[in-house]
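Comments concern the structure below.
Values quoted throughout were computed directly from the atomic coordinates according to the rules given, and no laboratory measurement underlies them. Being a predicted model, the structure only gives us computed values, none of them experimental. In this analysis, Cβ positions are derived from the backbone assuming ideal geometry, glycine residues included, and neighbour counts consider all displayed protein chains.
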Amino acid sequence: MLKYSETAGIIRLEGNRLGRPYHRLPDVFNSKFDVIELRLGNWFLKKHRANIQLKSITFKMDVANKSAELLSSSLGNVGFDIDRSLLLTLLDNFYGMEISTDDPSNTSMLTKTEQRLKSRMAVELITLLFNAESLHLPLPVKPNNNGIQTHWAWQAIFHLNDDDSKTFSLLLDDAHTDYILNMLRKHDKHQTSEGRGNDKALSAESVATALSTLPLSLHIKVAELSVNVAMLTTLRPGDILPVSLPETFPVFIGSSPLFTGLIVEEHDRLMLSNIKEIAAEKTYE
């Protein structure tokens, strides 16, 4: 059990989201954090002469945003929004002059210059993120000036440097969210199939190891004598049975013949030597 104040970073999952791995969507971004950080840092440095680094990415679900820049891909709509303080800082760096940032509430209308910069950043940053190297989302986007969308299924907030007011957001509709979820399913399925293949290989190796260390009892048939019941009834202690020994002695595993060998004596111990395969021996004969 956690207090509400201790649940920072935990995303609420609404009832209509149950049964779908929405809680894993942040993994798509966080798993590529280093790549995204490097690409964003280079982009801000080259495009705006600003030394800006990505510090963290936070996430929200079911977001209402009316001011997001709207773009379209083959799946649906994506949105881009940016804090005005960051937008004005970039304009200051670009034009080399101080621009007032005394409007922390960002309630006033954007100027045409700010809007143009926001529109350009929307296309370039989403293209940067929707890249095979970044988020594995090779989806080209283009501005959607006639569309209207105020509700978004998912929002990723990119926090830059150590200033909480320096952020920009990527907003995804239901179609793009489902697209990422399908990517996760395919990835999990691929990993599972690879894992099963490895399990089979490991299983075969384990079986081979177990077989190689399996203990076996070998039986050597030294002599064989055929008698009838009448002879058995006449046997008494001290009687001698004549037995003829073969040149080689067969060795069995259970009742299956394995090979033949010669019994020799060395240092008061009997040993089996001159081992030959039975099949080869039969062919030779």
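Descriptive notes on the structure:
- Order of MET271, MET61 - criterion: other Cβ atoms within 10 Å of each residue's Cβ, fewest first: MET271, MET61
- Local net charge near HIS159, Cβ-Cβ under 14 Å (Lys/Arg +1, Asp/Glu -1): -3
- Here each label is just a point 7 Å from Cα along the line to Cβ, and for LYS55 and LEU258 those points are 7.3 nm apart.
- Linear extension gain, MET231 paired with SER165, 0.36 nm per residue minus alpha-carbon span: 12.8 nm
- When each of the peptides 219-227, 137-145 is scored by how many other beta carbons lie within 10 Å of its residues on average, the order from highest to lowest is 137-145, 219-227.
- Ordering of 121-128, 245-252 by burial proxy (mean other Cβ atoms within 10 Å per residue, highest first): 121-128, 245-252
- Separation in nanometres of the label points that stand 7 Å from Cα toward Cβ, at GLU133 and ILE240: 9.6
- Likely footprinting exposure, ASP174, ASP239, fewest C-beta neighbours within 10 Å first: ASP239, ASP174
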